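Peer 1: Before anything else, here's the structure in question.
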Amino acid sequence: MVELDGRRRVIIENLSPAVDNGRFAAKRVAGDVVVAEADIFADGHDVISAVLYWRHQSESDWREMRMRPLGNDRWSAEFPVESLGFYRFTIEAWIDHFLTWHRDLRKRVDAGAGDLDVQLRIGLQMMHAAAGRAHARDRKKLQAFMATLESDEPVEDKIDDMWSEDLLALMFRNSERKFATKLAGEMPVEVDRRKSGYSTWYEMFPRSAGQGGHGTFRDVERELPRLARMGFDVLYLPPIHPIGATFRKGPNNKPGNAASDAGSPWAIGSAQGGHSAVHPQLGTIDDFRRLVKTASGHGVEIALDIAFQASPDHPLVREHPDWFRKRPDGKIQYAENPPKKYEDIYPFDFESEDWQSLWAGMRDVFGFWIDQGVRIFRVDNPHTKPLPFWQWIIAELKKEHPDLIFLAEAFTRPKIMGWLGKAGFSQSYTYFAWRNTAWELREYFEHLTRPPVSDYLRPNAWPNTPDILTEYLQYGGEPAFTIRFVLAATLSSNYGIYGPAFERHVHQAREPGSEEYLDSEKYEVKRWEPSDDDMSDFIAAVNRIRRDNPALQQNATLRFHETDNDSILCYSKSSGDNIVLCVATVDPHNTQSGWVDLDLEALDLDANHAFQVHDLLSGARHSWRGGRNFVQLNPHVVPAHIFRIRRRVRTERDFEYYL
């Protein structure tokens, strides 16, 4: 039987943020303020006091913040997080007998009740006890209040002193907490660097960056000024390692000729090296380090693909054959997703007897690239590897490098995607690419951006990838690309594009019903010709809006507003006085119009005063009044408005301007 102390009367439950009751850490970024809440209550009508304790993992002493009641037994307190790594917090609550006495004293005074002298003696006893617990300065102040109660002054004067806020503060600081209830555990919060919560990704194959023939890291360097001008701060490179020759794939994933075909970069490893080597046609390790440094000078970080699989020619096949699964005939089993066969790829066997060495080897792969200056990794198909492996390896790596960022490329079942986020992945790909209607987008992003999901999974919205060319993009024309881009960039604070194809509106699928690109860059070196009709200027404009408006750099304040047209989506984000309202059509073919009904309370707007909506895309300014306003969107012109809401402000001299 559990030993209980029945004098601990306060109950604490339903704590937030608390991912799986503290089994995993809630996610925040440096500079955030963590809002901790809990249900706190007890029997009867006594007054409760509660405090929040928090500290960073590097600190031994707890800091304390008094919690405030929100109503209906819900309590809240906030604490800032500035340092990377883990914070921990807990809650303590107790029956506050002095505040209960104080509340009842006021009731007695208001009711004109007698025996006030007796009540004051009860209060005096509690002050004496508090003074015994207090430090010298507080003790001296409490003694002054006690001296008043012990004096011959009229009862009315003594009571007046009891309403002092200083007295209440003194009694709280030195309150009796002998029978306080404290949470059994400490809740963890992991704080990542800001880019985990706000980033802008561009994906390109370095082998296609050349002016002719196979590209190099030096060719990628020449692209950096353009990407920086467009507003991207992460350049993601698919695998840059040597590519196997055995069963090398040719154009459109057909069996190829090892001597002439480029092969898939995900068929990693050859006689020239494995996961810690670079494809010789791209350059050397020194060239890669130079690329990382040059990119940093442009405000761009290099993100590297980590794909734990091997070609039949990978050195590990020879050095560690036990790391791979054998067929009955003794041959290593290649990757399959029936009916698809990937003869050029061997998956690692994570159930191998030598699994501990395998795990250590994978950790060393990350360690090698960390030593080359990489701090961002996009992880290929993490859901096909043991989930505990990721929890272990990310924790191991972040012990020394808390600034690491991991993006999970896991298009799989929601619970697995969520678990990967809990296990440590900083960001996650989402189903955004396949959410096309206004209703689907609203439902999905309300799910992603609200607790409990938002405490452990950070969405990174991609409208396309080298593997994903959706039907919407195939048949929606150029407006479809514009619509999906605006939605990705404004619904989510993290987004990315498979850049060269997206900029140029590439939309031809390999065959009907397929999401594979025709002549996919995954299997051949491409030459991307400059185009006068690409999206680069529009992309740069939207990214500039993201940079200039803090509201778009987070997801916590995303709110949807009603419209009377199912093809129009309306939503807002806010950060202090910075309020951005987006209105977008999801129909890439037809002009759509309708009325939007804004939630004025959510936008902190007065229904009786006009406000200005400044279209950050066109520069136009409109005066709106009230919640109901008309919009019309032509997808062939600009299919969306990105409005900055500016409130009307009146000065002392009756001059009006918009803030």
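Peer 1: Suppose R0 equals 22 Å; then what is the FRET efficiency for residue 531 and residue 510 from their Cβ-Cβ distance, rounded to the nearest 0.05?
Peer 2: Result of the calculation: an efficiency of 0.50.
Peer 1: Next question, about the same structure. Quick one: if you stick a label point 7 Å off each Cα along the C-beta vector at residue 597 and residue 354, how many nm between them?
Peer 2: Those two pseudo-labels are separated by 6.6 nm.
Peer 1: Explain nothing, just the number: dipole magnitude of the chain about its Cα centre with +1 on each Lys and Arg Cβ and -1 on each Asp and Glu Cβ, in debye rounded to the nearest 20.
Peer 2: So the dipole magnitude of the chain works out to roughly 800 debye.
Peer 1: Residue 332's amide H: which non-local residues (gap 5+, or another chain) put their own amide H closer than 5 Å, with H modeled 1.01 Å from N in plane and none for Pro or chain starts?
Peer 2: Residues meeting the amide H criterion: 327.
Peer 1: Lys/Arg Cβ at +1, Asp/Glu Cβ at -1, dipole of the chain taken about the Cα centre: which of 252, 45, 206 is farthest positive-ward?
Peer 2: Result: 206.
Peer 1: What net charge is computed for the residues neighbouring residue 596, neighbours being all others with C-beta under 15 Å from the C-beta of residue 596, Lys and Arg scored +1, Asp and Glu -1?
Peer 2: -2
Peer 1: Does anyone have the angle between helix 136-150 and the longest principal axis of the chain? Alpha-carbon axes, 0 to 90°, nearest 10?
Peer 2: Helix 136-150 and the main axis of the chain meet at about 30 degrees.
Peer 1: Could the peptides 578-586, 105-113 be put in order, highest first, of the mean number of other beta-carbon atoms found within 10 Å of their residues?
Peer 2: 578-586, 105-113
Peer 1: State the extension gain, in nm to one decimal, for the chain segment bounded by residue 82 and residue 415, taking 0.36 nm per residue of separation less the distance between their alpha-carbons.
Peer 2: 116.9 nm
Peer 1: If you count only protein heavy atoms and use a 1.4 Å probe, how large is the accessible surface of residue 289, to the nearest 10 Å²?
Peer 2: 100
Peer 1: Give me a comma-separated list of calculated 3J(HN,Hα) values for the stretch 189-204, in order, Karplus coefficients 6.51, -1.76, 1.60 applied at θ = phi - 60°, integers in Hz, x for any Gly or Pro.
Peer 2: In residue order, the calculated couplings are 10, 9, 10, 9, 6, 4, 5, 5, x, 8, 8, 9, 9, 10, 9, 8 Hz.
Peer 1: Report the Cα centroid-to-centroid distance between the stretch 305-331 and the stretch 594-629 in angstrom, as an integer.
Peer 2: Using only Cα atoms to place each centre, the spacing works out to 60 Å.
Peer 1: Using the beta-carbon distance between residue 519 and residue 590 and R0 = 25 Å, what value does 1/(1 + (r/R0)^6) give for FRET efficiency, to the nearest 0.05?
Peer 2: FRET efficiency, residue 519 to residue 590: 0.20.
Peer 1: Just report the Cα centroid separation between the stretch 177-219 and the stretch 533-578, whole Å.
Peer 2: Distance between centres, Cα-based: 21 Å.
Peer 1: If you add up the charges near residue 294, with Lys and Arg at +1 and Asp and Glu at -1, over every other residue whose beta carbon is less than 14 angstrom from its beta carbon, what do you get?
Peer 2: 0
Peer 1: Quick one: what are the phi-derived ³J(HN,Hα) couplings along the stretch 229-245, Karplus 6.51/-1.76/1.60 with θ = phi - 60°, whole Hz, x for glycine and proline?
Peer 2: Working through the residues one at a time gives 5, 6, x, 8, 10, 9, 10, 9, 10, x, x, 10, 8, x, 10, x, 9 Hz.
Peer 1: For the chain, with the dipole built from +1 on Lys and Arg beta-carbon atoms and -1 on Asp and Glu ones, taken about the Cα centre, which of 623, 584, 86 lies farthest toward the positive end?
Peer 2: Among 623, 584, 86, the one farthest towards the positive end of the dipole of the chain is 86.
Peer 1: Lys/Arg Cβ at +1, Asp/Glu Cβ at -1, dipole of the chain taken about the Cα centre: which of 18, 426, 570 is farthest positive-ward?
Peer 2: Going by the charge dipole, the pick is 426.
Peer 1: Between residue 510 and residues 5 or more places away or on another chain, which pairs have amide H atoms under 5 Å apart, with H built 1.01 Å from N, and which residues are they?
Peer 2: It is 516, 517, 518, by chain and number.
Peer 1: Still on this structure, please answer the following. Give, in nm to one decimal, the length gained when the segment between residue 141 and residue 128 is fully stretched (0.36 nm per residue of separation minus the Cα-Cα distance).
Peer 2: Here the answer is 3.5 nm.
Peer 1: Nearest-5 percent of antiparallel DSSP beta bridges in the chain?
Peer 2: The antiparallel fraction comes to roughly 75 percent.
Peer 1: Using a basic spin-label model with each label point 7 Å from the Cα along Cα→Cβ, how many nm lie between residue 544 and residue 173?
Peer 2: That separation, rounded to one decimal, is 5.3 nm.
Peer 1: Shifting gears a bit: Could I have the simple spin-label model distance between residue 403 and residue 446, label points 7 Å from Cα toward Cβ, reported in nm to one decimal?
Peer 2: Each label point lies 7 Å from its Cα, and together they span 4.0 nm.
Peer 1: Which order do the peptides 500-507, 588-595 come out in when sorted by mean C-beta neighbours inside 10 angstrom, highest first?
Peer 2: Per-residue mean Cβ counts within 10 Å order the peptides as 500-507, 588-595.
Peer 1: Same structure again: Between residue 428 and residues 5 or more places away or on another chain, which pairs have amide H atoms under 5 Å apart, with H built 1.01 Å from N, and which residues are they?
Peer 2: Those lying under 5 Å, H to H, from residue 428 are 408, 458, 460.
Peer 1: Mind checking the full-extension length gain between residue 434 and residue 618? Use 0.36 nm per residue of separation minus the Cα-Cα distance, one decimal, nm.
Peer 2: Between residue 434 and residue 618, full extension yields 63.4 nm more.
Peer 1: When the Cα centres of the stretch 139-170 and the stretch 345-421 are compared, how far apart do they sit, in Å?
Peer 2: The stretch 139-170 and the stretch 345-421 have Cα centres spaced 63 Å from each other.
Peer 1: Using the crude model of +1 on Lys and Arg Cβ and -1 on Asp and Glu Cβ, and no other charge, please compute the dipole size for the stretch 1-99 relative to its Cα centre, in debye to 20.
Peer 2: The dipole magnitude comes to about 200 debye.
Peer 1: Additional query: Residue by residue, what Karplus-based ³J(HN,Hα) values in Hz, rounded to whole numbers, does the stretch 101-111 have, using 6.51, -1.76 and 1.60 with θ = phi - 60° and x for Gly and Pro?
Peer 2: Computed from phi, the couplings for the stretch 101-111 are 4, 5, 4, 5, 4, 4, 4, 5, 5, 5, 8 Hz.
Peer 1: Okay, moving on. Give the peptides 140-151, 21-32 in descending order of average Cβ contacts within 10 Å, highest first.
Peer 2: 21-32, 140-151
Peer 1: Sticking with this structure for a sec: At R0 = 56 Å, how high is the FRET efficiency between residue 153 and residue 228 if r is their beta carbon distance? Nearest 0.05 is fine.
Peer 2: After rounding, the FRET efficiency stands at 0.15.
Peer 1: Size of the dipole of the stretch 108-202 about the Cα centre, Lys and Arg at +1 and Asp and Glu at -1 on the beta carbon, nothing else charged, in debye to 20?
Peer 2: Approximately 940 debye in magnitude.
Peer 1: In addition: Summing +1 for each Lys or Arg and -1 for each Asp or Glu, what net charge is found among the other residues whose Cβ lies under 9 Å from the Cβ of residue 167?
Peer 2: Value of the local net charge: -2.
The values are calculated or read from the model by the stated rules, or taken from the named source; none is laboratory data. Keep in mind that this is a model prediction, so the values were computed, not measured. Cβ coordinates were reconstructed from backbone atoms using ideal geometry, including for glycine residues, and neighbour counts include every protein chain displayed. Quick note on the areas: whole protein, heavy atoms, side chains included, nothing else; ligands and nucleic acids left out. Shrake-Rupley method; radii C 1.70, N 1.55, O 1.52, S 1.80 Å.
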